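Beneath this line is the structure, given in structure tokens, with notes to follow.
The values are calculated or read from the model by the stated rules, or taken from the named source; none is laboratory data. Everything numeric in this text was worked out from a predicted model, so none of it was measured. Ideal geometry is used to build each Cβ from the backbone, glycine not excepted, and the neighbour counts take in all protein chains shown.
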Amino acid sequence: MDDRLELSALALGRQIRERKISAVEAVQAALSRIRETEETVHAFVTVDEEGALRRAKQVQQKIDAGELSGPLAGVPAAVKDNLCTKGLLTTCASRILENFVPPYSAQAVENLEEAGVVVLGKTNMDEFAMGSTTETSYFGVTRNPWNPEHVPGGSSGGSCAAVAANECFFALGSDTGGSIRQPSSFCGVVGLKPTYGTVSRYGLVAYGSSLDQIGPIAKNVSDCAAVLEIIASHDPKDSTSLKRTDLDFTSALLDDVKGMRIGIPRDYLGEGLDGEVRQAVLAAAEVLKERGAEVEEFDLSLVEYAIPAYYTIASAEASSNLSRFDGVKYGYRAKDFDGLHQMYKKSRSEGFGPEVKRRIMLGAFVLSSGYYDAYYLKALRTKALIKQAFDRAFEKYDVILGPAAPTTAPRLGESLADPLKMYLGDIYTISANLAGIPGISVPCGMDSRGLPIGVQLLGNCFEEKKIIRAAYAYECARACRAAQQGKAVEA
Amino acid sequence: MANVISDETMEYVGILAKLELSGEERQQAKKDMERMLDYIDKLNELDTSGVEPMSHAFPVQNVFREDVVTNTDMRDAMLENAPQRRDGSFVVPRTVE
């Protein structure tokens, strides 16, 4: 493998600006890595070799002409396959969109391209982002680069695996109930879900619209902050997009947590949490404490209600959002049918996989008359209570620290047999989507099987900077410790 | 209390969801849904009386903008993805007898 593939996105960007490597060479290196790795990892649904090389040439010309000077100009990246890319297949890992070529790009992708980033291709995911393992993809599973017998997590499993396998320098994912943070934890990379509305959802194929948020997946915290700075923007095309004036996220990359108040929810350390994960997460908290943060445990409450509330709301929104796939304007249409209604039904029944159908049915049920109040409205009231619990917590703490997932990556094939059990794995990530708050997952160790563990930091709405600062300080401390241990071994 | 979903309800949900499930698929879907609803019933432990349903994490107001065309005519580009098209239109089975 070309050593330069191990560079961070920002370090590569610097080398490109200093003419040590060209954008074309960077793309060639990434493509050659993709060719040698994909057989095992299968992180991509589509690799756009020709388009990426063409685009790299254009970007290099602009860099040479002084028209592009941003920190990530010329850097090759990957994009989750539920983000529309103009002229490039966008499938949501579903048969129903197997032939869909969008006539426009998502705003987040536009922002990347404006900054000179080169899109290499589209990454695998759970079908329509519904799943926690990337095993529900119509195009086959993605494997965890740390151990191909294990899943990469999901639903942004392809994006996280691609970053972990050095197939790209960073990637975009989407997070509806933990789909960026959980696979980042399983793949040993850094993934950030921003405050709801920070990144425009225009061109993101909708799953649970009130919960969906696009975010960066990268090799370190600095890259994550830099990518978020580029993709975050107010967009009139997304009516839930926020007008924020504090998008200078890289200004929060400070190795200083003195006096920062960090709370660890006791409810996140109880039953169901793997012992090794618990130990690694608490050790991470200890590191921040040594660096001057004030760390204490507290009761967040309502944690066990987040999953049932989430699956009610997300399924309801999904059943409504996915009604657009009817075989008329785009996507798969069944071959034989008798009349319009059967065309809809057959196209959808043949086009969607089992997990997607399960959620559409549940969603249709909880929204149907007679059940709407008992299920859907009840879930929305619960959501309000969960939000209040976070509001109370953030009166006392700057950052909430806990695990990103109860275990490390499960083995392939272990999760799908029991959907409810799989849903329970979302317990630590899901509340952030209900409350709209930002969260980041940062690698904090390995279990005895050599699989990565992630620590999750949650912040109050609009306070990405606090979690970025805490994550960065932790990362610095960890690097420093590793260097010292290296020296001790040498001595 | 364990939820039991009748075949009629499954039929009705299938109509709402525009999904046609085979016999076996339908039995599995019924079982999955009953189990999920049992789990969701956990929410009934919570007293939510007087709590307003929150559809959005922030108080979002209606967002208005001027109704002006900002993109160009993309008819042909949009039709590129149509499963069947003719004379600049989507082709669908007959809808009116």
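Residues that are among the polar types (S, T, N, Q) and in the same structural domain as A:Ala78 (by TED's automatic domain parsing): does the stretch A:292-302 have at least one? Yes, the stretch A:292-302 has at least one match. Taking the criterion of being under 13 Å from A:Ser323 (Cα atoms) and at the interface with another protein chain (Cβ under 8 Å from one of its Cβ atoms), the residues of the stretch B:14-30 that qualify are B:Gly14, B:Leu16, B:Ala17, B:Lys18, B:Leu19. Just one of the numbered conditions (1) polar (S, T, N, Q); (2) at the interface with another protein chain (Cβ under 7 Å from one of its Cβ atoms); (3) not in a helix (DSSP H, G or I) is not true of A:Ser349: (3). Just one of the listed residues (A:Pro410, A:Pro452) is more than 17 Å from A:Asn220 (Cβ to Cβ), surrounded by 17 or more Cβ atoms within 10 Å (Cβ to Cβ) and under 21 Å from the mean Cα position of the chain (by Cα), and it is A:Pro410. Count of the stretch A:121-146 residues, restricted to those that are of a type in the set (Asp, Glu) and within 12 Å of A:Arg411 (Cα to Cα), is 1.
Filtered by the rule that a residue be assigned to a loop (DSSP other than H, G, I, E, B) and either of a type in the set (S, T, N, Q) or within 9 Å of chain A (Cβ to nearest Cβ) (or both), the stretch B:74-90 gives B:Met74, B:Glu80, B:Asn81, B:Ala82, B:Pro83, B:Gln84. In the set (1) part of a loop (DSSP other than H, G, I, E, B); (2) more than 7 Å from chain A (Cβ to nearest Cβ); (3) over 26 Å from A:Leu97 (Cβ atoms), the condition left unmet by B:Asn71 is number (3).
Within the stretch A:273-290, one or more residues are assigned to a loop (DSSP other than H, G, I, E, B), more than 14 Å from chain B (Cβ to nearest Cβ) and surrounded by fewer than 23 Cβ atoms within 10 Å (Cβ to Cβ). You will find that of A:Phe298, A:Phe325, the residue that is more than 9 Å from chain B (Cβ to nearest Cβ), closer than 21 Å to A:Ile427 by Cα and aromatic (Phe, Trp, Tyr) is A:Phe298 and no other.
A:Ala417 meets each of the listed conditions (1) closer than 30 Å to B:Gly50 by Cβ; (2) free of Cβ contacts under 8 Å to residues at least 40 places away in the same chain; (3) not charged (D, E, K, R) apart from (1). Taking (1) in a loop (DSSP other than H, G, I, E, B); (2) under 30 Å from B:Glu45 (Cβ atoms); (3) of a type in the set (Val, Ile, Thr) in turn, A:Ile313 satisfies each apart from (1). Scanning the stretch A:8-57 for residues that are in contact with a Lys or Arg (Cβ under 9 Å, 6 or more places away or on another chain), touching a residue at least 24 places away in the same chain (Cβ under 8 Å) and among the hydrophobic types (A, V, I, L, M, F, W, C) yields A:Ala9, A:Leu12, A:Ala23, A:Val24, A:Ala26, A:Val27, A:Ala29, A:Val41, A:Ala43, A:Phe44, A:Val45, A:Val47. Do we find that B:Arg35 is touching a Leu at 6+ places or on another chain (Cβ under 9 Å), of a type in the set (Lys, Arg) and surrounded by fewer than 16 Cβ atoms within 10 Å (Cβ to Cβ) in this structure? Yes: the conditions hold for B:Arg35.
Check whether at least one residue in the stretch A:403-414 is in contact (Cβ under 8 Å) with a residue 60 or more places away in the chain, out of contact with any His (no Cβ under 7 Å at 6 or more places or on another chain) and within 13 Å of another protein chain (Cβ to nearest Cβ), and report yes or no. No, because not a single residue in the stretch A:403-414 is in contact (Cβ under 8 Å) with a residue 60 or more places away in the chain, out of contact with any His (no Cβ under 7 Å at 6 or more places or on another chain) and within 13 Å of another protein chain (Cβ to nearest Cβ).
In the set (1) in contact with a strand residue (DSSP E or B) (Cβ under 7 Å, 6 or more places away or on another chain); (2) buried (at least 24 other Cβ atoms within 10 Å of the Cβ); (3) within 7 Å of chain B (Cβ to nearest Cβ), A:Val399 fails one condition alone, (3).
Among the residues of the stretch A:137-184, those identified as within 18 Å of A:Ser8 (Cβ to Cβ) and assigned to a helix (DSSP H, G or I) are A:Ser159, A:Cys160, A:Ala161, A:Ala162, A:Val163, A:Ala164, A:Ser184.
B:Glu45: modelled with pLDDT under 95, more than 7 Å from chain A (Cβ to nearest Cβ) and surrounded by fewer than 11 Cβ atoms within 10 Å (Cβ to Cβ), yes or no?
So B:Glu45 does not fit the description; no.
Of all residues in the stretch B:51-68, exactly one satisfies the criterion of being of a type in the set (Phe, Trp, Tyr) and facing chain A (nearest Cβ under 7 Å), namely B:Phe58.
Residue-wise test of (1) touching a helix residue (DSSP H, G or I) at 6+ places or on another chain (Cβ under 6 Å); (2) surrounded by fewer than 24 Cβ atoms within 10 Å (Cβ to Cβ).
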position	(1), (2)
A:Phe337	yes, yes
A:Gln342	no, yes
A:Pro354	no, yes
A:Gly363	yes, no
A:Ala379	yes, no
A:Ala384	no, yes
